[in-house]
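Presented below is the structure to which this report refers.
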Amino acid sequence: MGMYGERIGALHFICQDSDTAAKLLSQVKLIVRASYSSPPLHGALVAARILGDPALRESWTTELRQVSERIIAMRSALRGELEKLGCPGDWSHITS
């Protein structure tokens, strides 16, 4: 089950006219707002499990470090290529 396993499906209505459709949409928005305002619990449970287990936390920390280092390297490469190509502007914001 994914982190947002409760958020799947579709709801369709067929109305006879646009006035009825507008009224229906207004009511549906009121109903679904609670769903958007209260995210599912799965994400919090996954995070609690990972952060609460020393081995899982260490694995997560290692993976997070690797991802962060890759992002930094990619941003540096992007800046270097933009500067090498002579693109106008100051690209220092990409790596700062």
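The values are calculated or read from the model by the stated rules, or taken from the named source; none is laboratory data. Source: prediction; values computed, not measured. Every residue, glycine as well, gets a Cβ built from its backbone with ideal geometry; the counts of neighbours run over all protein chains shown. For the accessible areas, the whole protein counts, side chains as well, though only heavy atoms, and no ligand, DNA or RNA atoms are used. Shrake-Rupley method; radii C 1.70, N 1.55, O 1.52, S 1.80 Å.
Annotations
- Residue pairs meeting the criteria (Cβ under 7 Å; at least 6 apart or on separate chains; first touching a residue at least 40 places away in the same chain (Cβ under 8 Å), in the stretch 43-54; second open to solvent by 80 Å² or more (accessible area, probe 1.4 Å) and not β-branched (Val, Ile, Thr)): Gly43/Met3; Val46/Met3
- Any hit, the stretch 7-27, residues being of a type in the set (Val, Ile, Thr), open to solvent by 90 Å² or more (accessible area, probe 1.4 Å) and in a helix (DSSP H, G or I): no
- Beta carbons closer than 8 Å, at least 6 apart along the sequence or on distinct chains, pair a first residue in the stretch 55-80 that is free of Cβ contacts under 8 Å to residues at least 40 places away in the same chain with a second that is part of a helix (DSSP H, G or I) and of a type in the set (Lys, Arg) for Leu56/Arg49.
- The set of residues in the stretch 45-87 that are open to solvent by less than 60 Å² (accessible area, probe 1.4 Å) and closer than 30 Å to Leu11 by Cβ contains only Ala47.
Let's see how each residue does on (1) modelled with pLDDT under 95; (2) under 20 Å from the mean Cα position of the chain (by Cα); (3) charged (D, E, K, R):
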site	(1), (2), (3)
Arg7	yes, yes, yes
Val28	yes, no, no
Pro54	no, no, no
Ser59	no, no, no
Leu85	no, no, no
